[in-house]
Amino acid sequence: MCVRAAMFQKNGRKLCGRAASTKKRIRPFLKAAAYQDGHAGYSDPLDEQDFLVATINRLMESPEWEHMAVVVLYDDSDGWYDHQMGPIVNQSSTPDDALFGAHNCGAPASGSFNGRCGYGQRQPLLVISPWAKRNFVDHTLTDQASVLRFVEDNWDLGRFGNQSADAIAGSLLNMFDFSGAHPRAPKLLLNQDATP
C-alpha cells in the first residue's frame, strides 16, 4: 500500500514508488479518530490509550511484526505534556509567528522561508519495534519530520530540498539496534487498561 499524503511526494513521484523498486515497503500513516487523538479540547486520554493498545496489539500479532516499526508521535500538546520550551531552529520574522508573537523569533537568514518559528513545546515520540533498543531513552532532538527522514534514509530517497524540515530533522536511528548482536525485543501485548 502506498502512502497517499501529499507531503510524501517528491518531484511529482510518490516516495513509495521508489521504495517498492528496492523491494522494501512503506506502510501508510495512521491517525486516530478525533475522540482518540490526544487533543485536550475534545479527546480523552483513556480513549487515546484504547486506540493505541488495540492498534499496536493487532500489529504485534501480525506475521509482519518482525519487520515493522511503529512510531507514535503528536503534532501538538495543547499543554498536556511539557512546560519546557524547545530550541528555536528556524528563525522567522513575520506577523504569522504565533510562538513568541509577531517578529519575535529571531532574524532569518537571507532567502529563508518565514513563518516557521519553532520548535514549540517538546512532544512525546515513541518507537515500538522488535528492532527498538530495549529500556532506552533517546535524547536526540527529533520532530515530526524525523519520521520522514527515517524513511528517506532507510530507502535512500534523498531529501525533499527547498528548505524542507527533513533536512534539519534529528535522526531516529539511535532508537534502533540493527546490529543483530542483541536479542530482539519481545512482543508485549497489553490489556485494554494498558497492563501486560
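For the residues ASN191, ASN174, the requirement of being open to solvent by 50 Å² or more (accessible area, probe 1.4 Å), more than 17 Å from TYR74 (Cβ to Cβ) and not in a loop (DSSP other than H, G, I, E, B) singles out ASN174.
Screening region 140-177 for residues that are touching a helix residue (DSSP H, G or I) at 6+ places or on another chain (Cβ under 6 Å) and under 17 Å from HIS67 (Cβ atoms) and picking the one that is modelled with the highest pLDDT gives LEU172. The residues in region 125-143 that are part of a strand (DSSP E or B) and under 22 Å from GLU61 (Cα atoms) can be counted, and the count is 4.
Look at (1) more than 22 Å from GLU66 (Cα to Cα); (2) at pLDDT 80 or above and you find that ASN104 fails only one, number (2). Considering the conditions (1) in a loop (DSSP other than H, G, I, E, B); (2) at pLDDT 70 or above; (3) among the charged types (D, E, K, R); (4) open to solvent by 30 Å² or more (accessible area, probe 1.4 Å), ASP78 is excluded by exactly one of them, (2). Out of all the residues in region 151-163, which are over 15 Å from the mean Cα position of the chain (by Cα) and surrounded by fewer than 18 Cβ atoms within 10 Å (Cβ to Cβ)? Passing the criteria: ASP156, GLY158, ARG159, GLY161, ASN162, GLN163.
So which pairs qualify, if the first residue must be in region 177-196 and in contact (Cβ under 8 Å) with a residue 24 or more places away in the chain and at positive phi, the second must be outside any loop (DSSP other than H, G, I, E, B) and open to solvent by less than 80 Å² (accessible area, probe 1.4 Å), the Cβ gap must be under 6 Å, and the two must be at least 6 apart or on different chains? The qualifying pairs are ALA194/GLN49; ALA194/VAL53. Residue count for region 148-171 under the criterion of being within 30 Å of SER110 (Cβ to Cβ) and part of a helix (DSSP H, G or I): the result is 7.
Return the residue satisfying two criteria in turn: it lies in region 81-96 and is modelled with pLDDT of 75 or more and closer than 20 Å to ALA169 by Cα, and of such residues it is surrounded by the fewest Cβ atoms within 10 Å (Cβ to Cβ).
Top of the filtered list is PRO87.
Of the residues making up region 48-75, those that are in a helix (DSSP H, G or I) and open to solvent by 50 Å² or more (accessible area, probe 1.4 Å) are GLN49, ASP50, ARG58, LEU59, GLU66, HIS67. Note on region 34-63: residues that are within 16 Å of PRO124 (Cβ to Cβ) and of a type in the set (A, V, I, L, M) amount to 4.
The values are calculated or read from the model by the stated rules, or taken from the named source; none is laboratory data. On a predicted model such as this, the values are computed, not experimentally measured, just so you know. Reconstructed Cβ throughout: ideal geometry from the backbone, glycine too, with neighbour counts over all protein chains shown. Protein only, heavy atoms only, side chains kept; ligands, DNA and RNA dropped before computing areas. Shrake-Rupley method; radii C 1.70, N 1.55, O 1.52, S 1.80 Å.
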